[in-house]
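What follows draws every value from the coordinates through simple rules; no lab data is involved. Quantities reported herein were computed from a predicted structural model and do not represent experimental measurements. FYI the Cβ positions are ideal-geometry reconstructions off the backbone, even for glycines, and counts take in every protein chain you see.
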Amino acid sequence: DTEVTQTPKHLVMGMTNKKSLKCEQHMGHRAMYWYKQKAKKPPELMFVYSYEKLSINESVPSRFSPECPNSSLLNLHLHALQPEDSALYLCASSQTIRGLDGYTFGSGTRLTVV
Amino acid sequence: ELKVEQNPLFLSMQEGKNYTIYCNYSTTSDRLYWYRQDPGKSLESLFVLLSNGAVKQEGRLMASLDTKARLSTLHITAAVHDLSATYFCAVENTGTASKLTFGTGTRLQVTL
């Protein structure tokens with residue numbers, strides 16, 4: 001299995017909702033990442049997990065809450081989002097935090113906040 | 001703070017022509033990645049360049065890295081319509097925890 005699987009593919013949520021994005025990989029990678037990509041812009045890093053511990057939080061607002069329950073799974077919990085949070089959320093993984101074999105990206109979750 | 005710039009931002013080229021996309025970055029790094037993104041899709045890994053002077057080729061695309069000049073190039077040979085996409089370079093910050101900083105992206109449109 002050489003894939004990073006993200007669910008759901010599309011999500012529409014209201015500003016008072018709580019939802020979660022899920023990311024799973026079975027490549028034995030020990031580093032996992034969340035990126036946010038607005039339309040026609042490059043991806044921007046949000047969080048890095050290494051060996052299930054949070055290594056980097058790029059000053060992301062607390063309405064985004066990451067969780068890494070085990071080495072294969074990464075969640076992003078969403079609460080009280082704003083319309084400007086609408087974007088494509090990409091999960092990625094790499095063998096370690098130094099991507100010598102590159103970074104594998106999932107297909108993304110397209111989030112719309114209404 | 002690491003800054004990564006690509007040029008051009010938009011490139012319209014005819015089938016059969018050659019062109020080069022440039023990626024400049026502001027601080028020392030010896031790892032650079034190229035990705036392709038189709039509209040509404042995720043990122044497809046094209047090349048991983050891990051050392052100064054690295055050159056990799058796949059089909060009509062060739063990437064190179066000059067860490068001294070802090071420059072990578074993506075050369076397109078005899079473009080075909082299927083190459084139409086947005087291309088991103090990404091530079092890895094090598095610190096206590098690594099992260100990718102993406103370039104601005106180059107939207108390539110290959111016309112018949």
Using each residue's phi in the range A:18-34, evaluate 6.51 cos²θ - 1.76 cosθ + 1.60 at θ = phi - 60° and report the 3J(HN,Hα) Karplus result to the nearest Hz, with x for Gly and Pro.
10, 9, 9, 9, 10, 9, 9, 9, 10, 9, x, 5, 10, 10, 9, 9, 10
Relative contact order (%) - chain B, alpha-carbon pairs under 8 angstrom, separation at least six
36
Unsatisfied cross-links (Cα-Cα over 27 Å) in the set A:K36/B:K68; A:K38/B:K56; A:K40/B:K99; A:K22/B:K56; B:K17/B:K99:
A:K36/B:K68; A:K38/B:K56; A:K22/B:K56; B:K17/B:K99
Pick out, from B:H75, A:V48, B:S45, the residue whose Cα sits farthest towards the positive end of the charge dipole of the protein assembly as shown, with +1 on the Cβ of Lys and Arg and -1 on the Cβ of Asp and Glu.
A:V48
Can you tell me what the convex hull of the Cα atoms of the protein assembly as shown projects to on average, as an area in nm²?
12.1
The protein assembly as shown: Cys lacking any partner C-beta under 4.7 angstrom
A:C68
Using a simple charge model, +1 on the beta-carbon of Lys and Arg, -1 on the beta-carbon of Asp and Glu, nothing else, what dipole does the range A:1-55 show about its Cα centre, in debye to the nearest 20?
380
Can you tell me the relative contact order of chain A? Whole percent, Cα pairs under 8 Å, sequence separation 6 or more.
37
Just to be sure I understand the curve: with the Debye formula and one point per C-alpha of chain B, what is log10 I(q)/I(0) at q = 0.15, 0.18, 0.20 Å⁻¹?
-0.59, -0.84, -1.02
Neighbour counts of other C-beta atoms within 10 Å: give me B:K56, B:K68 arranged from fewest to most.
B:K68, B:K56
Kirkwood Rh in Å, taken over the range A:1-88 so that all alpha-carbon pairs contribute
13.7
